[in-house]
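Undergrad: Submitted below is the structure of interest, expressed as structure tokens.
The values are calculated or read from the model by the stated rules, or taken from the named source; none is laboratory data. Please read all numbers here as calculations on a predicted model, not as lab measurements. Neighbour counts run over all protein chains shown; Cβ positions are idealised from the backbone, glycine included. These accessible areas exclude ligands, DNA and RNA; they are computed on the full protein's heavy atoms, side chains included. Shrake-Rupley method; radii C 1.70, N 1.55, O 1.52, S 1.80 Å.
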Amino acid sequence: MSDSSRPRYAIYFVPDADSPLYRFGAGLLGYDAYRGTSLTLPETMTRATADWAAVTEEPRKYGFHATLKAPIALADGTSEAGLITACEDFTAARRIIPTFPAVVRAIGDFIALVPEQQPPALADLAQHCVAAFDRFRAALTDTDRARRNPAQLSPRQRDHLERWGYPYVGEDFRFHMTLTGRLEPERQGHILDLLRDAFAQTGVAAIRVDRIALCRQDAPAAPFRVQRAFPLAAI
């Protein structure tokens, strides 16, 4: 099987499908990763931003999520069934459930929902995910490396890329739930205002990262879909 025809898997935080947080994010992106179906984009966004479908095109294929273990192809000798078992084992261990207020902010040239302040328990959870599931990761290909633009990375991030297959881990991890694709600087202020108003209307006071989701992408052009969600055991 060629690399391009192999499915990819990711460990994401995806909020409960019936939660106000998930309805907010999935609705904005126009995609329900639990059901694998398109959603009608909110009229408030399409009326104020005529190209909202294009603005959200890139994040739409990943669904509303935060990355804990970035997408991987499975290493030889591993399987989806084995990955499911590993998720069950991971979530059986009791741990602090990260809970924090969130805000809508620009991160570089895109907009995301992020912690007001990132709690240590959140970074710990992410790094535990990175390490625990790394045995399932196929080795990086040259195409994988090129996709990450190594010339634009710091030396530490390049080390992360080689060690873990992804540059933004450990000290470089920043929890974010992407809401837009790349935006020109002159457009960011207007769209930030719209998204902040939309998030305020959800009434979500804090995000509780109480689960992980195993997500699968069947082909490069296909969207990711939640295969199964696994609740975390709280201390």
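Undergrad: What is the stretch 97-152 by shape, rounded, prolate or oblate, if you read a ≥ b ≥ c off the alpha carbon gyration tensor as root eigenvalues and call it rounded for a/c under 1.5, prolate for a/b larger than b/c, and oblate otherwise?
TA: Since a/c reaches 1.5 but b/c is at least a/b, the shape of the stretch 97-152 is classed as oblate.
Undergrad: Taking the Cα-to-Cβ direction at Ile107 and at Asp197 and moving 7 Å from each Cα, how far apart do the two end points lie in nm?
TA: 2.5 nm
Undergrad: Let me check I've understood the local charge: for Ile212, count other residues with C-beta under 10 angstrom from its C-beta, Lys and Arg +1, Asp and Glu -1. What total comes out?
TA: Net of charged neighbours comes to +2.
Undergrad: Expressed in nm to one decimal, what extension gain is obtained for the pair Ser19 and Tyr34 from 0.36 nm per residue of sequence separation less their Cα-Cα distance?
TA: My answer for the length gained is 4.1 nm.
Undergrad: Now a separate question. What number comes out for accessible area per residue over the chain if the probe is 1.4 Å? Units Å², please. Numbers along the way, then the final one.
TA: Details: 11640 Å² over 235 residues.
Ligands and nucleic acids excluded, the figure is 50 Å² per residue.
Undergrad: May I pose another question? Within the accessible area of the chain, what % is carbon and sulfur when the probe is 1.4 Å and the other protein chains stay in place?
TA: 50 percent
Undergrad: Show me the ranking of peptides 24-35, 137-148 by mean Cβ neighbours inside 10 Å, starting with the highest.
TA: The packing order, highest mean first, is 24-35, 137-148.
Undergrad: Going by average Cβ neighbours within 10 Å, how do the peptides 80-87, 47-54, 110-117 rank, with the highest at the top?
TA: Those peptides, ordered most packed to least, come out 110-117, 80-87, 47-54.
Undergrad: Also, I was wondering about something else. Projected onto the charge dipole of the chain (+1 at Lys/Arg Cβ, -1 at Asp/Glu Cβ, origin at the Cα centre), which of Val204, Ile72, Leu21 gives the Cα projection farthest towards the positive end?
TA: Ile72
Undergrad: Tell me the angle of helix 20-29 to the major Cα principal axis of the chain, expressed in degrees between 0 and 90 and rounded to the nearest ten.
TA: Tilt relative to the chain: about 90 degrees.
Undergrad: Over the stretch 1-53, what is the relative contact order in whole percent, taking alpha-carbon pairs under 8 Å and six or more residues apart?
TA: Taking the mean separation of contacting Cα pairs over the length of the stretch 1-53, I get 19 percent.
Undergrad: Let me ask something else. Roughly speaking, what is the stretch gain from Asp89 to Ala219, that is 0.36 nm per residue apart minus the C-alpha to C-alpha distance, in nm to one decimal?
TA: Details: separation 130, 0.36 × 130 = 46.80 nm, distance 2.76 nm.
Fully extending the segment from Asp89 to Ala219 adds 44.0 nm.
Undergrad: Rounded, prolate or oblate: which fits the stretch 142-235 when a ≥ b ≥ c are the square roots of the eigenvalues of the alpha-carbon gyration tensor, with rounded for a/c under 1.5 and prolate only if a/b beats b/c?
TA: oblate
Undergrad: In degrees, nearest 10, range 0 to 90: what is the angle between the Cα axis of helix 155-164 and the longest Cα principal axis of the chain?
TA: Roughly 60 degrees, rounded to the nearest 10.
Undergrad: Using helices alone, what [θ] at 222 nm do you get for the chain, with -39,500 (n - 2.57) per DSSP H run of 4 or more residues, divided over all residues and rounded to the nearest 500?
TA: Only helices count here, giving -10000 deg cm²/dmol.
Undergrad: So, in nm, how far is label Ala146 from label Arg211 when the simple model puts each one 7 Å beyond its Cα toward the Cβ?
TA: Computed distance between label sites Ala146 and Arg211 equals 3.9 nm.
Undergrad: Can you bin the stretch 99-192 into rounded, prolate or oblate? Criterion: square roots of the alpha carbon gyration tensor eigenvalues sorted a ≥ b ≥ c, rounded for a/c under 1.5, prolate for a/b above b/c, oblate for the rest.
TA: On the way: a/c = 2.47, a/b = 1.33, b/c = 1.85.
Judged from the Cα gyration tensor, the stretch 99-192 comes out oblate (a/c at least 1.5, b/c at or above a/b).
Undergrad: Cα axis of helix 185-200 to longest principal axis of the chain: angle in degrees, 0 to 90, nearest 10?
TA: The helix 185-200 is inclined about 90 degrees to the chain.
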